[in-house]
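Written out below as structure tokens is the structure these notes cover.
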2 protein chains.
Amino acid sequence: MQASKIDLLIHCKWIIPIVPENQILENCSLAVDGEKIIGIYPQVEATKRFEATNIEHLNDHIVMPGLVNAHGHAAMSLLRGYADDLALRPWLEDHIWPAESRHLSEEFVTDGTKLAMAEMIASGTTCFADMYFFDDAIAQAVRTAGMRCQIGFTVLDFPTAYGKDADDYIHKGLKLNDKYSGHSQIKIACAPHAPYSVSDSAMQIVSTYANELDMAIHIHCQETAGEVAESVDQYGCRPLERLRNLGLLLPQTQLVHMTQLNSEDIKLVQDHNCHVVHCPESNLKLASGFCPVGQLMDAGINVALGTDGAASNNDLDLFGELRTAAMLAKAVSNDPTTLDAHAALRMATINGAKALGWDEEIGSLEVGKSADMIAIKTDSIPQQPLYNPQSQLVNTNVGHQVSHSWVAGKPLLADSELLTMNEQSLIQSANNWRNKISS
Amino acid sequence: MQASKIDLLIHCKWIIPIVPENQILENCSLAVDGEKIIGIYPQVEATKRFEATNIEHLNDHIVMPGLVNAHGHAAMSLLRGYADDLALRPWLEDHIWPAESRHLSEEFVTDGTKLAMAEMIASGTTCFADMYFFDDAIAQAVRTAGMRCQIGFTVLDFPTAYGKDADDYIHKGLKLNDKYSGHSQIKIACAPHAPYSVSDSAMQIVSTYANELDMAIHIHCQETAGEVAESVDQYGCRPLERLRNLGLLLPQTQLVHMTQLNSEDIKLVQDHNCHVVHCPESNLKLASGFCPVGQLMDAGINVALGTDGAASNNDLDLFGELRTAAMLAKAVSNDPTTLDAHAALRMATINGAKALGWDEEIGSLEVGKSADMIAIKTDSIPQQPLYNPQSQLVNTNVGHQVSHSWVAGKPLLADSELLTMNEQSLIQSANNWRNKISS
């Protein structure tokens, strides 16, 4: 047998492909050519089969699909720790919104998105869903970093430095959608901010385009008890029911937060095959409530995971988020078997890929899928002894143990060093923004 | 003015002394001579005042008191990830207890305690409360590592490899208490395992000695709803009431877990000036329930923080634990202002010191107190931008950013390297135990 020439061969201590379920491969190698995974073989066989341009020996590492952070506001990393320990209303109205209204600009979005991506790449995220403003600046930053991103253009009734009203936001978003149509790593979604901040008429326009263009909808929904009560007051129904009536509960709808759910709400989500994006740390920190993850999963609903923005979290470490999700789901369902380690890893990978409509390309290490993958070191004290790699990934603190990252076969992180971004200049830029924002 | 000769001068970007409350000192220096803190001065003044044998320049760092991990079972680090995602009963009865009954020995305790201490030192803990078996082996290990420890000798009705019955455990514990009487870094406490595992007669003996010897009592209490129901069944009252009746609710009593509390329980704890040790990650992971931290603190009760053992957490990173505590307290009280960053830091420092009766010596950086302190780097991407050092310590993932640690002026960690323990031999030993335990 003649060895085939390929681009990359990774020898791994463990591979967790996510699909098939609960499989852990030991001493295997992952073969990549171009942008794709072309095979997984025992190390000895792989060495015979392939002659690779690049070879990585990751003999203390776990290799798995890159994480999918299914909700965030990347640019808000510049407001990390700017205001904490406040009630939601004064937090937003007296701190976050005034800071945004003073500083929101293309430059703010570019710098903040880059800072956030550096943090995400270094902690294992290869794909993220974003929801903010100046979306073309986000897209440019994503291209520079080499990540994969669903950019949700925010739709709001009120003006910002980016748009003047719902029509304006939608117009800009559709233009962006045209621009990135067919791009392999950037997808545009429509992101009406929340039921309480978008009128029925704007929602109807969103519904029309989402249906026509098969565009994903990304929306904050039933995050707080107050939001549900206001909707009942103003519209005579709960937010989810209103979204249903407006034609917004679609199989490509991503409902973010969802901490205030009764059994009819869950039935609605189930009947319409929508996705839920769970953001446990933000929900805890803002005292929003508890998303009933166990019940949602029992109902067959796809639940993905997100960090939310760094202003309400305050980190973008999806491994930390999945640890919180796994622990919290047990306490909330009063059952320590809820969201076991494998289910938690699926939530942060294939479930995120499904929510973003990207599960044909990413979310698992399968032949033919895009080579979006990460490696995690397991050689430090807090990972010892290692009985079960999945448990160690979920239950110990491994975000900072991520050593390698690839998107579509292209390396973004090697030996814990960022390859597509300059760490020192990001830190300098964050420092400059802090001086400007706090002055 | 002639410069005084001292042992150690640390130039710090920030000092958070914890006492006084909410103070953040910038560009100051901490002076240490022998085992004690002798002063905190602006850097320029400190340089004039002192001629130090050792000088540390920590100009990107926060210096604060070493963390106090007020509850754990250090040796169980050897069972980290051995069994997860199981209901409490099968977890204990089919996995943890059988493994312990096969492997519990002096060697297991020595090696497990060392592994745990290495993890704790590297993540900022300088003092911990332990509750396990073979307590003299724990004490020897603590002396080698140079940490500070309250060793609670477990009292149980049933036999283990260490003791045959409650009398035997108590007898061994009292002998140990004599041995370490007057030791500056080791304190012995009496640790009846839990209300459900210790009979009234043994509890009464504990109460007698605790009162006579002014010894602390450390006990798991009201951890699960089942435990409370069983007590009502068997004793006609809730566990806390039974402890009160048996004379065990003392000002030196440390009540661990406390997830199942009604208002009378809280009143009892308040009236008897007992301490609560909150272990949020273990409580979440085992689906034990939610400790009402906000209510306890509103009632003026001293709440300390613990990781519990690595078999139910699964890490011993107290910074991670305090982040979870801060987020969870907000959600449980339905108020995002509960347990703000400073209150969370106090919980992990001075409150722990108070709970262990060590607040005259440690828990804050004050002149005359023991130089038990740590430094945390703030120069990496996930800490940028830095508006507020306290927020960054609590709300970002900083356990692995701890760079320096001292106990009584003696360095245990420098530039993130362990000084009193050998990392590679600990990893090797954990590996050997894994092979033995999983075979």
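The values are calculated or read from the model by the stated rules, or taken from the named source; none is laboratory data. Model, not experiment: these values are computed from the prediction. Cβ sites come from the backbone with ideal geometry, for glycine too, and all protein chains shown count toward neighbours. Accessible surface areas use protein heavy atoms only, side chains included; no ligands, DNA or RNA. Shrake-Rupley method; radii C 1.70, N 1.55, O 1.52, S 1.80 Å.
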*Name the most mobile residue of B:Val198, B:Val206, B:Val32, meaning the one with the largest mean-square fluctuation, in a Gaussian network model of chain B with Cα contacts below 10 Å.*
B:Val198
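GluC sites (Glu not before Pro), restricted to segment B:1-59: which are DSSP loop and have at most 15 other Cβ atoms within 10 Å?
On the way: sites: B:Glu21, B:Glu26, B:Glu35, B:Glu45, B:Glu51, B:Glu56; in loops: B:Glu21, B:Glu35.
In loop regions of segment B:1-59 (DSSP not H, G, I, E or B), the sparsely surrounded GluC sites (Glu not before Pro) are B:Glu21.
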_segment A:73-355, accessible area per residue, ligands and nucleic acids excluded (1.4 Å, Å²)_ = 31
*Rounded to the nearest 5, what % of the DSSP beta bridges within the protein assembly as shown are antiparallel ones?*
40
*Share of antiparallel DSSP beta bridges in chain A, in percent to the nearest 5?*
40
*Order the peptides B:359-366, B:310-317 from the highest to the lowest mean number of other Cβ atoms within 10 Å of their residues.*
B:310-317, B:359-366
*Give me the distance in nm between label points sitting 7 Å out from Cα along the Cα-to-Cβ direction at B:Asn59 and A:His57, one decimal.*
4.0
*For chain A, set up a Gaussian network in which alpha carbons nearer than 10 Å are linked by springs, and say which option among A:Gly66, A:Gly320, A:Gly226 fluctuates the most.*
A:Gly226
*First measure r as the distance between the Cβ atoms of A:Gln2 and A:Ser184, then evaluate 1/(1 + (r/R0)^6) with R0 = 30 Å and state the FRET efficiency to the nearest 0.05.*
0.45
*Hey, any idea what % of segment A:73-355's accessible area is carbon plus sulfur with a 1.4 Å probe?*
48
*In Å², rounded to the nearest 100, what is the total accessible surface buried by chains A and B against each other with a 1.4 Å probe?*
4900
*If you take all C-alpha pairs in segment B:73-355, what percent of them are over 29 Å apart?*
27
*asked:* Counting only other chains, and only Cβ atoms inside 10 Å, what mean value do you get across the residues of A:74-85?
replied: 6
*Name the shape class, rounded, prolate or oblate, that the alpha-carbon gyration tensor gives for segment A:31-185, where a ≥ b ≥ c are the square roots of its eigenvalues, rounded holds for a/c under 1.5, and otherwise prolate holds if a/b is larger than b/c and oblate otherwise.*
prolate
*For segment B:29-76 and segment B:252-327, write down the distance between their C-alpha centroids in whole Å.*
29
_At 7 Å out from Cα toward Cβ: A:Lys175 inter-copy label distances (nm, ascending)_ = 8.4
*Can you give the percent of C-alpha pairs in the protein assembly as shown whose distance is more than 52 Å?*
15
*Report which residues of segment A:384-407 become buried by 40 Å² or more of accessible surface when going from the isolated chain to the complete set of protein chains (1.4 Å probe; DNA, RNA and ligands ignored).*
A:Gln384, A:Pro385, A:Tyr387, A:Asn395, A:Asn397, A:His400
*For segment B:372-426, with every protein chain kept in place, what is the accessible area per residue (1.4 Å probe, Å²)?*
28
*Burial of 20 Å² or greater, segment A:415-432 residues [accessible area, probe 1.4 Å, versus chain by itself]*: A:Glu423, A:Ile427, A:Ala430
